[in-house]
1. Right, Thr77: surrounded by 15 or more Cβ atoms within 10 Å (Cβ to Cβ), under 30 Å from Ser190 (Cα atoms) and among the β-branched types (Val, Ile, Thr) or not?
2. For Arg139, are the conditions met, namely being in contact with a Cys (Cβ under 9 Å, 6 or more places away or on another chain) and either in a helix (DSSP H, G or I) or without any contact (Cβ under 8 Å) to a residue 12 or more places away in the chain (or both)?
3. Output the qualifying pairs, or none if there are none: Cβ atoms under 7 angstrom, residues six or more apart or on different chains, first residue in the stretch 49-70 and open to solvent by less than 50 Å² (accessible area, probe 1.4 Å), second residue hydroxyl-bearing (Ser, Thr, Tyr) and modelled with pLDDT of 90 or more.
4. In the stretch 188-197, which residues are under 28 Å from Ser74 (Cβ atoms) and surrounded by fewer than 17 Cβ atoms within 10 Å (Cβ to Cβ)?
5. Which residue pairs have Cβ atoms under 8 Å apart, sit 6 or more places apart or on different chains, and have a first residue in the stretch 148-171 that is over 17 Å from Glu95 (Cβ atoms) and a second that is among the basic types (Lys, Arg)?
6. Give the residues of the stretch 59-90 that are closer than 20 Å to Tyr102 by Cα and part of a loop (DSSP other than H, G, I, E, B), sorted by residue number.
7. If only one of Ile9, Ile27 is surrounded by 14 or more Cβ atoms within 10 Å (Cβ to Cβ), β-branched (Val, Ile, Thr), at pLDDT 90 or above and within 26 Å of Ile98 (Cα to Cα), which one is it?
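The values are calculated or read from the model by the stated rules, or taken from the named source; none is laboratory data. Note that this is a predicted model, so its numbers are computed, not measured. In this analysis, Cβ positions are derived from the backbone assuming ideal geometry, glycine residues included, and neighbour counts consider all displayed protein chains. For the accessible areas, the whole protein counts, side chains as well, though only heavy atoms, and no ligand, DNA or RNA atoms are used. Shrake-Rupley method; radii C 1.70, N 1.55, O 1.52, S 1.80 Å.
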Amino acid sequence: MNPRNDTEISEFLLLGFSEERALQPLIFGLFLSMYLITVLGNLLIILAVCSDSHLHTPMYFFLSNLSFVDICFSSTTIPKMLWNIQTQSKVITYEGCITQMYFFVLFAVLDNFLLTVMAYDRFVAICHPLHYTVIMSPRLCALLVLVSWVMSALHSLLESLMVLRLSFCTDLHIPHFFCELNQMVQLACSDTFPNNMVMCFAAVLLGVGSLTGILYSYSKIVSSIYGISSSQGRYKALSTCASHLSVVSLFYCTSLGVYMSSAATHSSHSNAKASVMYTVVTPMLNPFIYSLRNKDIKRALKMFLGKATLKGHVVLRLKKCP
């Protein structure tokens, strides 16, 4: 196959999960439902945090940012897949593919950074409770989120620019439901060694580095909890970390599972199915994990939904008045 220059490429084909037309309505309905649940669940978390002054704390500030990123993360891939199913087309333009890849990498890395920042927040809250408000000042919280955004954007920009330098073969079929970075690199006919080196370096620096930071924070948290004399105090300290620890476990276990399955099977379609866990399922489950075990979030959601219902009744009554 003869390589072609990037400027000659106009479009890629996203093969998705299955070529069978009979399965397309099922896939469309399933992913549409998961996407709506993801957007609604995370949006409710953001509205609950913004509407309740009791939740204007560092922990919930980071949580609302995580919910916003999860909405963006899902919106990067699912709407395009649903549109392709609806129009019975697998086409995505070259520019659209690069753009989708950029934002996917951006929000995936940002998720990773925010989970690390949230682990640090829990570390300070439990290990240094007397200095918590001083250490986790609003300025530091905003700075941590800003640095996470900047680093994620720069990393995603680097990965995208590395792909732009590649030349692609005549076979432009991507065996995935979105433009995944590794799949695009595999389609290239030019030298991909620099791309692979950057991806490996980023995986070690960002993935392993963040996970190490999270594990270190929780090792200190566990040792600090064991130092608490009362069982009630230990339970209260653990309960503040339970939701975050569950989300961290879900995010990293699914990501590791995708990596292990890709290394074991070498099947692109299997990788696409496995990647659904961290691209779709994890952002959908995060709001449930944080709301089901958190009394403050439950109370804020009840208050917010109660106010919304009351406003709805008032509007209906006003409309009925002559």
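1. Here the answer is yes, as Thr77 does meet what is asked.
2. Judged against the criteria, Arg139 is not a match.
3. That search, which allows pairs on different chains as well, returns Val49/Tyr60; Val49/Ser64; Asp70/Thr38.
4. Initial filter on the stretch 188-197 (under 28 Å from Ser74 (Cβ atoms)): 188, 195-196.
Correct list: Asn196 only.
5. Here the result reads Cys169/Arg4; Thr170/Arg4, each pair linking the stretch 148-171 to a residue that is among the basic types (Lys, Arg).
6. Within the stretch 59-90, Lys90 is the sole residue that qualifies.
7. After applying the criteria, what remains is Ile27.
Listed here are the residues, each with its yes/no results for (1) among the polar types (S, T, N, Q); (2) in contact with an Asp or Glu (Cβ under 9 Å, 6 or more places away or on another chain).
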residue	(1), (2)
Leu154	no, no
Ile174	no, yes
Leu181	no, yes
Gln186	yes, no
Gly209	no, no
Lys220	no, no
Ser230	yes, no
